[in-house]
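Heads up, the thing below is written out as structure tokens.
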Protein chains: 2
Amino acid sequence: MEKQSFAKGLEGVIAAETSICRIDGLKGELCYMGYSIEDLVAHCSFEEVGFLLLYGKLPNRAELDRFSKKMRDTRDLPEPVLEMVRSFPKDSHPMELLQSGIAYISGYIKHKIHHSDKCNCRNTLHQVSQITSLVAAWTRFSRGQEYVPPRQDLSHGANFLYMIRGSEPDADEGEIMDQCLTLHAEHGFNASTFTARVVAATLSTCYCSISAAVGSLYGTLHGGANEKVLEMIGEIGAVSEVPAWMDRAVSEKRKVMGMGHRVYKAMDPRAKVMEGFLKHLSEKKGETKEYELLLSVQKEFRARMEMDGKPLYPNVDFFSGAVYKLLGLPPRIYTPIFAMARSAGWLSHILEQRSDNRLYRPKGLYVGPDVKAFLPIDKRG
Amino acid sequence: MEKQSFAKGLEGVIAAETSICRIDGLKGELCYMGYSIEDLVAHCSFEEVGFLLLYGKLPNRAELDRFSKKMRDTRDLPEPVLEMVRSFPKDSHPMELLQSGIAYISGYIKHKIHHSDKCNCRNTLHQVSQITSLVAAWTRFSRGQEYVPPRQDLSHGANFLYMIRGSEPDADEGEIMDQCLTLHAEHGFNASTFTARVVAATLSTCYCSISAAVGSLYGTLHGGANEKVLEMIGEIGAVSEVPAWMDRAVSEKRKVMGMGHRVYKAMDPRAKVMEGFLKHLSEKKGETKEYELLLSVQKEFRARMEMDGKPLYPNVDFFSGAVYKLLGLPPRIYTPIFAMARSAGWLSHILEQRSDNRLYRPKGLYVGPDVKAFLPIDKRG
């Protein structure tokens with residue numbers, strides 16, 4: 001019998017219809033619910049984008065105020081949750097803690113989100129608030145510092161910086177942090193979003209679905225590139241070293257982190273915005289080393305690739321690590337920040353999945369042995 | 001443009017090749033790695049089946065001894081893990097705790113399983129031991145009892161009963177518990193196993209992949225049927241009530257829990273074995289009420305269905321809840337017991353996935369709006 005063919009990794013297979021995210025990789029365009037990422041970053045808070053992702057429309061002032069208040073009301077973490085964050089071994093990865101913490105918090109929320117076909121969590125982004133507080137708490141504890149309770153008068157991004165620093169960031173930094181979260185809030189089907197949908201389709205809870213998605217994002221084939229970009233420029237060290245380093249990298253076929261993207265064949269629109277943040281913060285703080293190194297890496301890499309007829313552009317990860325570094329954030333939490341932001345998109349996909357649900361249950365193609373005779377243990381080789 | 005068609009829930013779509021589980025739904029046959037479930041239950045311990053699932057072959061005596069010792073060495077839980085179990089709200093569901101706990105333990109294991117394409121966890125079933133201890137610890141704490149540390153001289157199933165009861169079960173009960181775990185250890189592609197593979201394919205850790213799978217199994221469309229069977233017979237109350245209850249259920253098109261199976265069109269081979277355990281334990285303990293009720297429900301249901309030309313058989317969940325009840329186990333942990341058993345299968349699938357890995361990344365078919373003009377917040381309706 002001829003062997004059946006199939007698409008490994010479900011590549012090219014359509015898993016569901018979606019109205020959330022539109023990506024035009026050739027033109028370098030990204031829209032959430034029909035709105036361009038450029039408009040959303042320029043004009044909306046992260047909370048406003050969260051509302052858009054849950055309701056499919058931009059809120060008016062009263063709707064946004066109500067929604068923001070609900071989100072901010074759930075920023076604080078119960079003491080037993082803080083205790084499990086505190087007890088988590090310092091040298092372990094905060095993504096494992098996030099995956100654990102989000103499932104754990106599920107036991108503590110007042111308004112339990114029960115299994116239900118009609119998932120009624122549309123009026124909340126609690127998980128997004130709580131993941132953010134988990135990341136901040138872990139960061140403080142990992143440095144031997146005390147927990148800083150959240151403030152309700154700050155934007156989502158500014159409050160995150162406040163909970164990590166213990167002091168209020170200036171308006172500029174708070175806004176950039178908020179905008180970085182908007183840039184990462186959603187990006188269509190990918191391994192973690194697909195994971196969230198697969199789990200949600202069993203009618204498991206939103207918390208359990210998001211916890212599972214965090215586990216996926218932890219995978220090195222998925223999250224984590226921005227941390228590696230910083231490691232790369234740390235290894236290069238100085239602008240004068242870039243050409244020689246790049247010659248070696250190209251000849252060794254070593255992957256240059258943060259360059260190119262599976263979907264975008266033009267410039268990643270998020271990378272343009274992120275580069276603007278980096279330029280602004282570098283100049284403001286007078287710390288331009290990383291930015292200069294990145295520009296040089298980009299130039300030298302593209303010169304070599306374009307000679308080969310392969311135009312390649314930086315993606316959002318190329319610049320984001322350096323932005324977070326200038327905001328005083330430790331590399332260990334760059335993937336957790338990605339999870340904080342993307343949890344808004346995961347929730348949107350969970351709701352979409354539930355609105356017309358079907359359990360995901362693809363087939364495995366059995367290629368193993370036929371039935372074997374059983375051998376007692378003492379007769380086995 | 002004509003709308004693209006696709007298989008909702010990936011129904012009928014092949015996601016991967018697999019050599020682990022062979023199910024012949026028409027004949028009612030189930031094999032793990034080529035060995036029939038009847039042989040495995042009759043002749044093997046759960047640990048032996050675990051070895052088979054990880055190595056693809058049955059162990060000889062020395063191999064099994066080494067493997068069992070490794071599993072038993074990791075039964076105990078670190079104090080901070082016990083503390084997070086203790087602090088988990090008593091009225092919350094232990095599946096959420098399991099999902100959380102497995103990701104949390106990842107921070108505590110000595111031999112960290114790092115991200116790696118070559119997943120080197122083949123010589124362990126640590127997660128299986130640890131999930132089991134988590135379930136036992138939660139059960140004790142939820143009753144206000146103290147933690148009972150594991151014993152190394154007992155089989156996997158007997159130790160589980162010991163950790164819950166605080167006293168050693170008789171050999172018979174220990175063996176039945178062990179065999180129940182073997183019956184549920186693996187069942188091909190399904191939502192939770194698929195979740196484990198999707199997460200593992202990102203090169204996330206085994207712990208994070210299993211934690212995500214627990215989240216999937218928690219969904220009411222997936223796990224939890226055996227608990228509902230017991231609720232059903234509790235509602236019926238007495239054998240004399242069954243015919244009238246069944247008439248109502250059939251006329252109201254109400255689902256009769258534990259009857260029929262998506263895959264098996266003949267008798268679920270696991271149900272036959274499970275019925276044997278139930279018969280044995282019922283007679284031994286002189287508590288035959290549940291068994292008699294189940295037999296009556298089966299008879300009355302099938303009589304009505306077969307008149308309609310629909311032969312339907314009980315599945316494994318139809319009998320398992322009553323078996324667990326006779327073993328003194330509370331209904332709240334029936335789905336967690338499923339997770340304990342299936343974690344062996346999940347690990348097997350994680351290893352298989354990693355041996356020829358490709359990130360799962362199906363496509364979403366965008367059916368949302370085109371780009372919209374942005375409206376400032378004060379102009380929105």
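The values are calculated or read from the model by the stated rules, or taken from the named source; none is laboratory data. Just so we're clear, the structure is a prediction, and the values are computed from it rather than from any experiment. For neighbour counting, all protein chains shown are included, and Cβ atoms are generated from backbone atoms with ideal geometry for every residue, glycine included. The accessibility values were calculated without ligands, DNA or RNA, using every heavy atom of the protein model including side chains. Shrake-Rupley method; radii C 1.70, N 1.55, O 1.52, S 1.80 Å.
Working from the Cα coordinates of chain A, the gyration tensor eigenvalues give, after taking √(5λ), semi-axes of 33, 30, 23 Å in decreasing order. Residues of segment A:63-87 that bury at least 30 Å² of accessible area when the other protein chains are present, relative to the chain alone (probe 1.4 Å, heavy atoms, ligands and nucleic acids excluded): A:Met84, A:Ser87. Using only Cα coordinates, the Kirkwood hydrodynamic radius of segment A:245-378 works out to 18.9 Å. Largest mean-square fluctuation among A:His349, A:His93, A:His184, in a Gaussian network model of chain A whose springs join Cα atoms under 10 Å apart, belongs to A:His93.
Taking segment A:269-283 and a reference point 7 angstrom along Cα→Cβ of A:Glu292, the backbone N atoms nearer than 13 Å belong to A:283. Per q in 0.32 Å⁻¹, report the Debye log10 I(q)/I(0) for segment B:194-235, using one uniform scatterer on each alpha carbon and no solvent. Each listed q maps to, in turn, -0.98. Since only B:Thr193, A:Thr220, B:Ile23 are under comparison, the one whose Cα sits farthest along the positive direction of the charge dipole of the protein assembly as shown, derived from C-beta charges on Lys, Arg, Asp and Glu, is B:Ile23. Pairs spanning more than 21 Å between alpha-carbon atoms, out of B:Lys255/B:Lys299; A:Lys253/A:Lys279; B:Lys279/B:Lys310: A:Lys253/A:Lys279; B:Lys279/B:Lys310. Taken residue by residue and averaged, Cβ atoms of other chains lying within 10 Å of the Cβ of A:217-229 number 4.
The packing ranking, built from the mean of other Cβ atoms within 10 Å per residue, places the peptides B:10-20, A:203-213, A:146-156 in the order A:203-213, B:10-20, A:146-156, highest first. Placing a label point 7 Å from Cα along the Cα-to-Cβ axis, A:Ala238 is separated from the same position in the other copies by 9.4 nm, shortest listed first. Once the C-beta distance of B:Lys379 and A:Val367 is scaled by a Förster radius of 41 Å, the resulting FRET efficiency is 0.10 to the nearest 0.05.
For the residue pairs A:Lys57/B:Lys8; A:Lys8/B:Lys57; A:Lys285/A:Lys325, the alpha carbons lie more than 21 Å apart in A:Lys57/B:Lys8; A:Lys8/B:Lys57. Estimated translational diffusion coefficient (Stokes-Einstein, Kirkwood radius over Cα pairs, 4 °C, 1.567 mPa s) of the protein assembly as shown: 47 µm² per second.
Under a 5 Å amide H cut-off, with hydrogens placed 1.01 Å from N, B:Ala16 pairs with A:Leu365 among residues at least 5 apart or on other chains.
Counting residues in segment B:289-366 as N, plug N into 2.2 N^0.38 Å and put the Cα Rg over that result.
Working it through for segment B:289-366, the quotient is 1.70.
Given their separation in residues at 0.36 nm each and the Cα-Cα distance between them, A:Asp24 and A:Glu83 gain 16.8 nm when the chain is fully extended.
Short-range pairs are left out: with C-alpha atoms under 8 Å and at least six residues apart, the relative contact order of chain A is 22 percent. Shape summary: segment B:163-216 maps onto an equivalent ellipsoid whose semi-axes, from the alpha-carbon gyration tensor, are 31, 14, 8 Å in decreasing order. Per residue, chain B exposes 37 Å² of accessible surface when a 1.4 Å probe is rolled over the protein heavy atoms with every protein chain present.
Please compute, for peptide B:12-24, the average count of beta-carbon atoms on other protein chains lying within 10 Å of each residue's beta-carbon.
Shielding by partners across B:12-24 averages 6.
Based on DSSP H runs of at least 4 residues, each adding -39500 (n - 2.57), what is the mean residue ellipticity at 222 nm of chain A after dividing by all its residues, to the nearest 500 deg cm²/dmol?
For chain A, the value works out to -17000 deg cm²/dmol.
Taking A:Gly34, A:Gly286, A:Gly50 in turn, the Gaussian network model of chain A (Cα-Cα springs below 10 Å) assigns the largest fluctuation to A:Gly286.
Buried accessible surface for the A/B chain pair comes to about 9100 Å², total over both chains, computed with a 1.4 Å probe.
Taking a label point 7 Å from the Cα of B:Asp247 along the Cα→Cβ vector, which residues of segment B:285-310 have an amide N closer than 15 Å to it? Zone members listed by number: B:300-301, B:304. With one equal scatterer per alpha carbon and no solvent term, the Debye-computed log10 I(q)/I(0) for segment A:1-64 at 0.14 1/Å reads -0.56. Ordering B:Glu231, A:Glu275 by accessible surface, largest first, gives B:Glu231, A:Glu275; the 1.4 Å probe counts only protein heavy atoms, with every chain in place. Amide H contacts of B:Ser36: A:Lys372, each under 5 Å away and 5 or more positions distant or on a separate chain (H built 1.01 Å from N in the peptide plane; Pro and chain starts excluded). Annotation: segment A:163-282 has a Kirkwood hydrodynamic radius of 17.5 angstrom, from the mean reciprocal C-alpha pair distance.
Among the protein heavy atoms of segment B:168-220, carbon and sulfur supply 44% of the accessible surface, probe 1.4 Å, non-protein parts ignored.
Between B:Arg140, B:Arg304, B:Arg165, the Gaussian network model of chain B with springs among Cα atoms under 10 angstrom shows the greatest mean-square fluctuation at B:Arg304. The share of C-alpha pairs in segment B:4-106 whose separation exceeds 23 Å stands at 57 percent.
Shielding value for A:181-191 is 2, the average number of Cβ atoms from other chains within 10 Å of each residue's Cβ. The length gained on full extension between A:Glu11 and A:Ala42, counted as 0.36 nm times the residue separation minus their Cα-Cα distance, comes to 7.7 nm. Membrane-span-like helices in chain A, defined here as complete DSSP H runs extending at least 15 Å along the helix axis by their C-alpha atoms with mean Kyte-Doolittle hydropathy no lower than 1.6, are absent; this is a sequence and geometry rule, not a statement about a membrane.
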